C-alpha cells in the first residue's frame, strides 16, 4: 500500500511541475500564480503546499532544471580557449538569468549567497557551472598565477555584476556580452612573465 501512496505523490508533484512549466511558457515566471497552477492541475491549494513550501521553492526547481539543461549543452564541444569564447559560451545562461528581473532575483535568493540552509536545484546548478568553468579555465589560455578556484569565483562575480547592471537603468548602454567580455579579458588574461 505504501508504494501506491508514494507513486501517487510523485505523480502529483510531476503534474504540478508540468502545469507550472506550461504556465511559465505562456506567461513568464513572475506571472505564475499558485492559484492557476492548482486549478489547472486539478488539485487543492493545500496539495501544492504539501509539495512546495512556496512559489520560490517551485521556481528554484523550474529555473534549476533550465540551468541544468543549458549546462548540458554548454558542456559539449571543446573548451573555450580565451575570454571571448568563454563569454560566448556563457551567453545562453546569461540570457536565461536575465530573462526577467524576477528570475534574477530568485537565482540570487536561492543560489546559496543568501545563506540558505538547504542546497536546492539552483545552488546545485551553480556549483556545476563552477566545476565546468574550472575545467575550461584549466585547459584554455588563461592566467595561471592564481588558484583555479579564485579564477572561477572571479568569473562568477563578473557574471553577477553583468546581470545586475543589466537591470540598472543607468547601465543599459551595452549588451551583456559587451559588458562581460572586458571583465573576462582583464581578469583571465595570462600575466606576462
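The values are calculated or read from the model by the stated rules, or taken from the named source; none is laboratory data. Please read all numbers here as calculations on a predicted model, not as lab measurements. Positions of Cβ are generated from backbone atoms using ideal geometry, with glycine treated the same way; all protein chains shown enter the neighbour counts.
Only one entry of 185, 143 meets the criterion of being under 15 Å from residue 88 (Cβ atoms), touching a helix residue (DSSP H, G or I) at 6+ places or on another chain (Cβ under 7 Å) and either assigned by TED's automatic domain parsing to the domain that holds residue 99 or modelled with pLDDT of 95 or more (or both), and that entry is 185.
Note on the stretch 71-101: residues that are part of a helix (DSSP H, G or I) and buried (at least 17 other Cβ atoms within 10 Å of the Cβ) total 11. Taking each residue of the stretch 107-118 that is in the same structural domain as residue 164 (by TED's automatic domain parsing) and looking for partners that are at pLDDT 85 or above and in a loop (DSSP other than H, G, I, E, B) with beta-carbon atoms closer than 6 Å, six or more apart or interchain, yields 110/120. How many residues, within the stretch 128-143, are without any contact (Cβ under 8 Å) to a residue 12 or more places away in the chain and closer than 23 Å to residue 63 by Cβ? Going through the stretch 128-143 one residue at a time, the tally reaches 1.
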